[in-house]
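Report on the following structure.
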Amino acid sequence: MIEPPFLADSPAHLIAFIRVLIPRERIREVMGPGIGEVMAALSDQGIQPAGPWFTHHLRIDAAVFDFKICVPIEAPVTPIGRVESGHVPAARVARTLYHGPYDNLGAAWGEFMDWIRSAGHTPLDEAWECYLKGPEASDDPNDWRTELNRPIQ
């Protein structure tokens, strides 16, 4: 399900984002419109993404998703509507690559967290998922690739 995890230094990067606070079961309702809103704001301002989009989960909670829908950028975006400009700080992270449909991301995170703890690392209370290849690239969910990152102490 996941590739062998490893430790990496993740550099700080500038982002355009929308912050979302919702019950977990509403994730499918907000993800598509949210990334569309960020991408439209970038397009309107002539800003190109500097990499694949991702979600930055600000805290890990069983009932609520508190996260940002993010696109890395090279220059700040002018805030418009819900779209803001910010950054993700540099961090030492545990990282892995998950292959498969988004429905199984929870199980992938469980496997990944088991590795983090068994390797003796202490995870911080945030995480991010980088969507490297998804439904826009392939109709076959087995082709989808999601990079999982969890900052550690």
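The values are calculated or read from the model by the stated rules, or taken from the named source; none is laboratory data. Keep in mind the model is a prediction, meaning the values are calculated, not measured. Reconstructed Cβ throughout: ideal geometry from the backbone, glycine too, with neighbour counts over all protein chains shown.
Report, by residue number, each residue of segment 96-123 that is modelled with pLDDT of 95 or more, surrounded by fewer than 16 Cβ atoms within 10 Å (Cβ to Cβ) and farther than 17 Å from Glu3 by Cβ. Matches in segment 96-123: Arg117, Gly120, Thr122. The single residue among Glu29, Glu84, Glu37 that is in contact (Cβ under 8 Å) with a residue 24 or more places away in the chain, assigned to a helix (DSSP H, G or I) and either within 14 Å of the chain's Cα centre (by Cα) or farther than 27 Å from Phe6 by Cβ (or both) turns out to be Glu37.
The single residue among Thr122, Thr78, Thr55, Thr146 that is farther than 15 Å from His13 by Cβ, under 16 Å from the mean Cα position of the chain (by Cα) and touching a residue at least 12 places away in the same chain (Cβ under 8 Å) turns out to be Thr146.
Restricting attention to segment 35-68, the residues that are surrounded by 11 or more Cβ atoms within 10 Å (Cβ to Cβ) and under 21 Å from Asn149 (Cα atoms) add up to 19.
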